[in-house]
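Input: a single structure, listed below in structure tokens.
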Amino acid sequence: MSKEFERVDIATLRSFPPTCPAFTDKDIPLRRWNSRWYIFFYRTDKDAVRRALPPPLEYISDIVEFWWSWNPVTTCAAPNGITEVVTPFGEAGITIPAKYKDYKGGYFAYMWLNSDLALIRGREIWGYPKYFAQVDVVEYSDNFWMNVVHNRCLVASAKGKFTNKDFPKPFWLEDPEWGRFVWRTITEPDGSKTQHVLVFQEPTYKGERRIKVKQDSIRTAAPEDFDLLIQDTPYVNPATVLPVREIIGLFSFECDLVVPYSKIVWSQQFEF
């Protein structure tokens, strides 16, 4: 490489249009402030969970999460040292509990969101399975309403009321070692080889919890307090892949969280 073209120059290059700039290594970690989460726990079929997990991951439970989040402020450091702020966006997804060797956490099976910049960074850096969609999250007093519309098709919706009733919560809510898994596939432009990578997001960052829940913000609802709909569309089929067999409850909270680089725990390359 020419001495005139140093790494710092490469890091500031933009491979996307100026209206939607690419990320650089200086963008990480991302931080979300006052992020509101709504996690709906439901029971599905054990065999369905096993089929939905990529081969390296092992089954833990038949309880999965369909969640929504509203993210009013997301920040990252731009190459020029100025903090960039991503516009507020809604996000939703399905997370499956799983383990690989000594690692355990939630595997992101589906994700939908309405921010192009968050989608690009999420897919290109970590490999999140994100679809661009209309994601609405509305909370007023004790009531809530939310949905996911992908390619003009309703994927999921929920509406109900917070009652703060207790319900049997999954064990991982209290597990300090619980992280997140992401499956990333990288194919060379000429199609010569494809690399499959399983990454793990540690539950801590620089010695502190990566997700800091504000305890006084926790709200709950029992199955009789809300309606949850998940259905297939011509584009995605979450209702078939992970059918709802029993609603467990809703756990909602506000948090500050940090999204650093992840750890590669498994990889395999195929050449063609």
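Residues that are more than 24 Å from E139 (Cβ to Cβ), in contact with a helix residue (DSSP H, G or I) (Cβ under 7 Å, 6 or more places away or on another chain) and touching a residue at least 40 places away in the same chain (Cβ under 8 Å): does the range 158-165 have at least one? Even if it seems obvious, please write down each step before you answer.
So in the range 158-165, the residues more than 24 Å from E139 (Cβ to Cβ) come out as none.
No, there is no match, as no residue in the range 158-165 is more than 24 Å from E139 (Cβ to Cβ), in contact with a helix residue (DSSP H, G or I) (Cβ under 7 Å, 6 or more places away or on another chain) and touching a residue at least 40 places away in the same chain (Cβ under 8 Å).
For the range 46-53, indicate whether the set of residues that are surrounded by fewer than 16 Cβ atoms within 10 Å (Cβ to Cβ), more than 18 Å from the chain's Cα centre (by Cα) and modelled with pLDDT under 95 is non-empty.
Taking the range 46-53 first, the residues surrounded by fewer than 16 Cβ atoms within 10 Å (Cβ to Cβ) are 46-47, 50-51.
Still in the running and more than 18 Å from the chain's Cα centre (by Cα): 46-47, 50-51.
Filter again for modelled with pLDDT under 95, leaving none.
No, every residue in the range 46-53 fails to be surrounded by fewer than 16 Cβ atoms within 10 Å (Cβ to Cβ), more than 18 Å from the chain's Cα centre (by Cα) and modelled with pLDDT under 95.
List the residue pairs whose Cβ atoms are under 8 Å apart, where the first residue sits in the range 234-252 and is without any contact (Cβ under 8 Å) to a residue 40 or more places away in the chain and part of a helix (DSSP H, G or I), the second is surrounded by 15 or more Cβ atoms within 10 Å (Cβ to Cβ) and not hydrophobic (A, V, I, L, M, F, W, C), and the two are 6 or more positions apart or on different chains.
A239/Q231
Pick from the range 141-152 the residues that are touching a residue at least 40 places away in the same chain (Cβ under 8 Å) and assigned to a strand (DSSP E or B): which of them is surrounded by the most Cβ atoms within 10 Å (Cβ to Cβ)?
V148
Which of the residues spanning the range 205-238 are surrounded by 14 or more Cβ atoms within 10 Å (Cβ to Cβ) and farther than 19 Å from W68 by Cα?
Y205, R209
Could you tell me whether T163 is more than 20 Å from P97 (Cα to Cα), among the polar types (S, T, N, Q) and modelled with pLDDT of 95 or more?
Details: more than 20 Å from P97 (Cα to Cα): yes; among the polar types (S, T, N, Q): yes; modelled with pLDDT of 95 or more: yes.
For T163, the condition - more than 20 Å from P97 (Cα to Cα), among the polar types (S, T, N, Q) and modelled with pLDDT of 95 or more - is met.
Of all strands (runs of 3 or more DSSP E) completely enclosed by the range 153-204, which ones contain at least 2 residues that are under 23 Å from L57 (Cβ atoms) and within 21 Å of the chain's Cα centre (by Cα)?
Numbers: elements: 153-161, 179-187, 193-201.
Where strands (runs of 3 or more DSSP E) fall fully within the range 153-204 and carry at least 2 residues being under 23 Å from L57 (Cβ atoms) and within 21 Å of the chain's Cα centre (by Cα), they are 179-187, 193-201.
For the range 209-216, state whether one or more residues are assigned to a loop (DSSP other than H, G, I, E, B) and on the phi < 0 side of the Ramachandran plot.
Taking the range 209-216 and keeping what is assigned to a loop (DSSP other than H, G, I, E, B), we get 210.
If we keep only those that are on the phi < 0 side of the Ramachandran plot too, we end up with 210.
Looking for residues that are assigned to a loop (DSSP other than H, G, I, E, B) and on the phi < 0 side of the Ramachandran plot, one finds at least one in the range 209-216, hence yes.
Is the range 257-272 home to any residue that is of a type in the set (F, W, Y), within 20 Å of the chain's Cα centre (by Cα) and either assigned to a strand (DSSP E or B) or under 22 Å from L198 (Cα atoms) (or both)? Steps first, answer last, please.
Going residue by residue through the range 257-272, those that are of a type in the set (F, W, Y) are 261, 266, 270, 272.
Checking which are within 20 Å of the chain's Cα centre (by Cα) leaves us with 261, 266.
Now restrict to residues that are either assigned to a strand (DSSP E or B) or under 22 Å from L198 (Cα atoms) (or both): 261, 266.
Yes - at least one qualifying residue is present in the range 257-272.
Consider P97 against the criteria (1) touching a Phe, Trp or Tyr at 6+ places or on another chain (Cβ under 8 Å); (2) farther than 27 Å from V73 by Cα; (3) modelled with pLDDT of 95 or more; (4) surrounded by fewer than 20 Cβ atoms within 10 Å (Cβ to Cβ): it satisfies all of them except one. Which criterion is unmet?
So the condition that P97 fails would be (4).
Any chance the range 20-42 includes a residue that's modelled with pLDDT of 95 or more and over 17 Å from the mean Cα position of the chain (by Cα)?
Scanning the range 20-42, I find at least one residue that is modelled with pLDDT of 95 or more and over 17 Å from the mean Cα position of the chain (by Cα), so the answer is yes.
Please go through the range 112-140 and pick out each residue that is surrounded by 21 or more Cβ atoms within 10 Å (Cβ to Cβ), touching a helix residue (DSSP H, G or I) at 6+ places or on another chain (Cβ under 9 Å) and without any contact (Cβ under 8 Å) to a residue 60 or more places away in the chain.
Answer for the range 112-140, where residues must be surrounded by 21 or more Cβ atoms within 10 Å (Cβ to Cβ), touching a helix residue (DSSP H, G or I) at 6+ places or on another chain (Cβ under 9 Å) and without any contact (Cβ under 8 Å) to a residue 60 or more places away in the chain: L113, Y128, K130.
Any idea how many residues of the range 202-254 are farther than 21 Å from G160 by Cα and of a type in the set (S, T, N, Q)?
Residues of the range 202-254 that are farther than 21 Å from G160 by Cα, as a first pass: 202-215, 232-238, 240-242.
Those left that are additionally of a type in the set (S, T, N, Q): 204, 215, 233, 237, 240.
Residues that pass the stated criteria total 5.
The values are calculated or read from the model by the stated rules, or taken from the named source; none is laboratory data. What you see is a predicted model; the values in this text were computed from it and never measured. Neighbour counts run over all protein chains shown; Cβ positions are idealised from the backbone, glycine included.
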